[in-house]
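Colleague: Quick one: the structure is below, questions incoming.
The values are calculated or read from the model by the stated rules, or taken from the named source; none is laboratory data. Being a predicted model, the structure only gives us computed values, none of them experimental. Methodologically, a virtual Cβ is constructed for each residue, glycine included, from the backbone with ideal geometry; neighbour enumeration extends over all protein chains shown.
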Amino acid sequence: MKYALIGCGRVAPNHIKAALKNGLEIIAVCDISSDNIDLLFEKTELTEEQKQKIKRYENYVDLFDGEKPELVSIALPSGLHARCAKEAIKRNINCIIEKPIALSIADADEIIKLSEERGVKVSACHQNRFNLAVQEMRKNLEAGNFGKLSNAAVTMRWSRDEGYYSQASWRGTWEQDGGALMNQSIHAIDLLRWMCGNDLKTVYGKTVNVFHPYIEAEDAGVAVLEFENGCIATLEGTVNVPGDDLEEHLTLIGKNGVMKLGGKSANAVEYKYFDSEGTAQVNSLLEKTKNVYGNGHTSLFADVIDAVENGREPYVTARDGKRALETVLAVYLSSKTGEKVTLPLNDIGTVDFINMF
């Protein structure tokens, strides 16, 4: 399957690694900076022969029309995800879109509509769903081992300093990014909404910018979520941890069981108890990872390839990407108005929160 990567920044090596492990034919990469492409090639296991064969582009439309890839992954700055995805889908190119899938409900809806009309497969790149610990939780949930859910909690406590934001001018802006919830916490938010039943009813939240006056958006946020099935949940996301990334936790509590995932990116089972087993397990699983991106890109790519070849929906769909986006936007809206927000949201995007802080 012919594959191309659009955007060669921070997360791009994970995409190339996943493409290589899945045997994709990497035909082209695209970035406005040739230095970014050079650096990407240095960080990957591409052979010299492969590097020479991969064509380089500055404009993704030229790449789409010139190379006609069957699958692309989009790892551009967040504010460019939707525009690029729509150009690809119009050309019947299947897409893996880095989080967030878009920065507005309207753009997310258009991606979904176009892909369904054309039969193009689109996957939101929420790769943490493939973490071994996350899959263990999901397996027990689908088996009914939790019983009726009572409440859940997710925390994302990482560190991002001025050096991180100065590396790319789009980071932390309302037009091109968002803050700690949209950029860093959205993976945890995706897991929370997925586990708790997807049908989110209300959100009440508060965001602040305490230690990052050089960005426009939030550096911390908290929220209370209510689902249609009666489950309630709390959300906390921050990039204000001094030093290094601390943790990403997800706890799910039901009548018959409880699980707590931990590690830096929900890559460990810290606690597990089910009535049916009768014995609590502590630190029963730890998946080793080299960074907070985890190992899930390879599995997500494998799933999308199979979805394309067999005409089925990907494990993580464009609609899933919209749900995660919608949750973050609901927290932003609640923080701006000071009121509880009822879902679903209509057309709203990050640009609606310019000058919030």
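Colleague: Taking segment 262-286 as the search range and keeping residues that are surrounded by 18 or more Cβ atoms within 10 Å (Cβ to Cβ) and not aliphatic (A, V, I, L, M), which one is nearest to the chain's Cα centre (by Cα)? Even if it seems obvious, please write down each step before you answer.
Modeller: Of all residues in segment 262-286, those surrounded by 18 or more Cβ atoms within 10 Å (Cβ to Cβ) come to 262-270, 272, 274.
Then drop every residue that is not not aliphatic (A, V, I, L, M), which leaves 262-265, 267, 270, 272, 274.
Values: Gly262: 17, Gly263: 17, Lys264: 15, Ser265: 12, Asn267: 15, Glu270: 23, Lys272: 25, Phe274: 29 Å.
Out of the qualifying residues, it is Ser265.
Colleague: Right, something else. Looking at segment 246-357, what strands (runs of 3 or more DSSP E) fall wholly within it and have at least 1 residues that are β-branched (Val, Ile, Thr) and in contact with a Lys or Arg (Cβ under 7 Å, 6 or more places away or on another chain)? Steps first, answer last, please.
Modeller: Working: elements: 247-254, 257-262, 268-274, 281-286.
Hits in segment 246-357: 247-254.
Colleague: Ok, one more. Name the single residue, out of those in segment 133-150 being of a type in the set (A, V, I, L, M) and part of a helix (DSSP H, G or I), that is surrounded by the fewest Cβ atoms within 10 Å (Cβ to Cβ).
Modeller: Leu141
Colleague: Report the residue count in segment 310-353 for those that are among the aromatic types (Phe, Trp, Tyr) and over 16 Å from Leu191 (Cα atoms).
Modeller: Looking only at that region, the number is 2.
Colleague: Filter segment 323-334 for residues that are among the hydroxyl-bearing types (Ser, Thr, Tyr) and either modelled with pLDDT under 95 or surrounded by fewer than 23 Cβ atoms within 10 Å (Cβ to Cβ) (or both) and give the result. Before the answer, list the steps.
Modeller: Residues of segment 323-334 among the hydroxyl-bearing types (Ser, Thr, Tyr): 327, 332, 334.
Once the filter is applied, which keeps residues that are among the hydroxyl-bearing types (Ser, Thr, Tyr) and either modelled with pLDDT under 95 or surrounded by fewer than 23 Cβ atoms within 10 Å (Cβ to Cβ) (or both), segment 323-334 yields only Ser334.
Colleague: May I ask you to verify whether Gly197 is small (Gly, Ala, Ser) and at pLDDT below 95?
Modeller: Values: small (Gly, Ala, Ser): yes; at pLDDT below 95: yes.
It is true that Gly197 is small (Gly, Ala, Ser) and at pLDDT below 95.
Colleague: What pairs come up if the first residue lies in segment 93-108 and is free of Cβ contacts under 8 Å to residues at least 40 places away in the same chain, the second is among the hydroxyl-bearing types (Ser, Thr, Tyr), and their beta carbons are under 8 Å apart, counting only those six or more places apart or on different chains?
Modeller: That search, which allows pairs on different chains as well, returns Cys95/Ser73; Cys95/Ser115; Cys95/Ser123.
Colleague: I want to confirm something. Restricting to segment 292-317 and keeping residues that are of a type outside the set (Ser, Thr, Tyr) and closer than 16 Å to His249 by Cα, which single residue is surrounded by the fewest Cβ atoms within 10 Å (Cβ to Cβ)? So that I can check it myself, show each step before the final result.
Modeller: Filtering segment 292-317 down to residues of a type outside the set (Ser, Thr, Tyr) leaves 292, 294-297, 300-314, 316.
Restricting the remaining residues to those that are closer than 16 Å to His249 by Cα gives 292, 294.
Details: Val292: 17, Gly294: 27.
Only one residue tops the list, namely Val292.
Colleague: Against the condition among the aromatic types (Phe, Trp, Tyr) and in contact with a helix residue (DSSP H, G or I) (Cβ under 9 Å, 6 or more places away or on another chain), how does Tyr271 come out, does it pass? Give the steps one after another, and end with the answer.
Modeller: Details: among the aromatic types (Phe, Trp, Tyr): yes; in contact with a helix residue (DSSP H, G or I) (Cβ under 9 Å, 6 or more places away or on another chain): no.
Here the answer is no, as Tyr271 does not meet what is asked.
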